[in-house]
Ligand SMILES: CC(=O)SCCNC(=O)CCNC(=O)[C@H](O)C(C)(C)COP(=O)(O)OP(=O)(O)OC[C@H]1O[C@@H](n2cnc3c(N)ncnc32)[C@H](O)[C@@H]1OP(=O)(O)O
Ligand SMILES: O=C([O-])CC(=O)C(=O)O
């Protein structure tokens, strides 16, 4: 046939682009981020270091790191009366939908929107990282008829993000767990949302459009939406035994269990989940909720025995967020806020190396019909 004859459902295993940003080396069990291994980075660096690495190409020294964080803090402010947008939405609007609306609305305020140079895109990324943390936290408060919480510039980026969500200044340990989760969610090669963003950017569309599409993609429960679904199951299960029964019930009904399986790691534990599991182990002691850790382990063993499936990041990030006092509806928006970093880096790379995405189809419809 023609050069178009190969068809792989869901593009499973298909290489969609070249990238210098990241690579999942399943055999070596490494998530490579610009040459570094993500888990190693998470054990010695912070989210801000990854911002510099992904957007500017190298890890920062202390001075660069501090000045990047200051740059970000200057960008927390949203345009005047921006929050009135969220006041007009129905109060049961999901925060991911509010976030999608918010990012889309920001487009009109950016005078650089038509620029595609790498430096400009990276500057927009810094602005977006700051503003999105504010939108995520405060759209939630406004939808819940609460007052918006002003960012505190004396706190670190991650501490302030958590503070704006919960309204309480977090402890150093809480910030460390939250920051690690942001690192885990920051970048992951070519998931559906990153592909979506790159496909949109490949038409030369602006970064706001690319990110708006990516929010829509990430909301789905086969992708980012899974972390909220995991926590809903844990809450419903209540106890280890309750959770075990709930999982068996779902499996008997042939339902998919959220937080398990992964297109790339399918028969191995997601390395990020392993790191989050350790955070949960420690945090559950801090918060006197070892029962929650046990429930998660029970779920892990049920899924291994019954399906040969392992947890993905969402499975262990969800209970960590729960113990940090974060409302369940914000888990996926937080994932997106962290992933804004990787998405912006991919959009910049797409503009730099652009080739329009326009695949073909394997046509299965009729031919030769006549009106
Ligand atoms: C951070 C992230 O975004 S990670 C992903 C978060 N998403 C989830 O946790 C949702 C639950 N997991 C899933 O739906 C899947 O594992 C996916 C979508 C992540 C990847 O799946 P794919 O590569 O498309 O594989 P697919 O969904 O076809 O699954 C292959 C087989 O494993 C089964 N399977 C995969 N995941 C699960 C699961 N979580 N629960 C039960 N069965 C599962 C499928 O039913 C299928 O079985 P079959 O061959 O008998 O029909
Ligand atoms: O890689 C994927 O397909 C999904 C995922 O784990 C992520 O986006 O972090």
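The values are calculated or read from the model by the stated rules, or taken from the named source; none is laboratory data. Please read all numbers here as calculations on a predicted model, not as lab measurements. Using ideal geometry, Cβ is built from the backbone for each residue, glycine included, and neighbour counts are taken over all protein chains shown.
Residue-by-condition table, conditions (1) away from ligand 1 (no atom under 16 Å from the Cβ); (2) free of Cβ contacts under 8 Å to residues at least 12 places away in the same chain; (3) assigned by TED's automatic domain parsing to the domain that holds residue 278:
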residue	(1), (2), (3)
315	no, no, yes
334	no, no, no
345	yes, no, no
358	yes, yes, no
366	yes, yes, no
369	yes, yes, no
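Which of the residues that make up the range 266-278 are surrounded by fewer than 23 Cβ atoms within 10 Å (Cβ to Cβ) and either in a loop (DSSP other than H, G, I, E, B) or within 9 Å of ligand 2 (Cβ to nearest atom) (or both)?
Listed by number, the residues that qualify are 266, 267, 268, 269.
Got a number for residues in the range 152-187 being closer than 30 Å to residue 19 by Cβ, free of Cβ contacts under 8 Å to residues at least 60 places away in the same chain and over 18 Å from the mean Cα position of the chain (by Cα)?
Summing the residues that are closer than 30 Å to residue 19 by Cβ, free of Cβ contacts under 8 Å to residues at least 60 places away in the same chain and over 18 Å from the mean Cα position of the chain (by Cα) in the range 152-187 gives 0.
What are the pairs with Cβ atoms under 8 angstrom where one residue, in the range 258-279, is in contact (Cβ under 8 Å) with a residue 60 or more places away in the chain and farther than 9 Å from residue 316 by Cα and the other, located anywhere, is more than 12 Å from ligand 2 (Cβ to nearest atom) and in a loop (DSSP other than H, G, I, E, B)? Sequence gap at least six, or different chains.
The qualifying pairs are 265/310; 268/29; 268/310; 271/29.
Mind checking which helices (runs of 4 or more DSSP H) fall wholly inside the range 16-90 and carry at least 3 residues that are surrounded by 15 or more Cβ atoms within 10 Å (Cβ to Cβ)?
Helices (runs of 4 or more DSSP H) meeting the threshold: 38-44, 47-56, 62-73.
So that you can scan it fast, the table gives a plain yes or no per residue for (1) in contact with a helix residue (DSSP H, G or I) (Cβ under 9 Å, 6 or more places away or on another chain); (2) in contact (Cβ under 8 Å) with a residue 12 or more places away in the chain:
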residue	(1), (2)
10	no, yes
17	yes, yes
21	yes, yes
25	no, no
29	yes, yes
32	yes, no
42	yes, yes
51	yes, yes
57	no, yes
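Just to be sure before I move on: is residue 190 in the same structural domain as residue 35 (by TED's automatic domain parsing) and either under 11 Å from the mean Cα position of the chain (by Cα) or crowded, with 22+ Cβ neighbours inside 10 Å (or both) in the structure I sent?
no
Might you let me know whether the range 229-244 holds any residue that is away from ligand 1 (no atom under 15 Å from the Cβ), in a helix (DSSP H, G or I) and under 24 Å from residue 118 (Cα atoms)?
Within the range 229-244, none of the residues are away from ligand 1 (no atom under 15 Å from the Cβ), in a helix (DSSP H, G or I) and under 24 Å from residue 118 (Cα atoms).
Results for (1) crowded, with 18+ Cβ neighbours inside 10 Å; (2) closer than 19 Å to residue 354 by Cβ, shown as yes or no for each residue.
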site	(1), (2)
119	no, yes
131	yes, no
137	yes, no
176	no, no
181	yes, no
199	yes, yes
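Of the residues 263, 281, only one is touching a helix residue (DSSP H, G or I) at 6+ places or on another chain (Cβ under 8 Å), assigned to a loop (DSSP other than H, G, I, E, B) and surrounded by fewer than 18 Cβ atoms within 10 Å (Cβ to Cβ); which?
263
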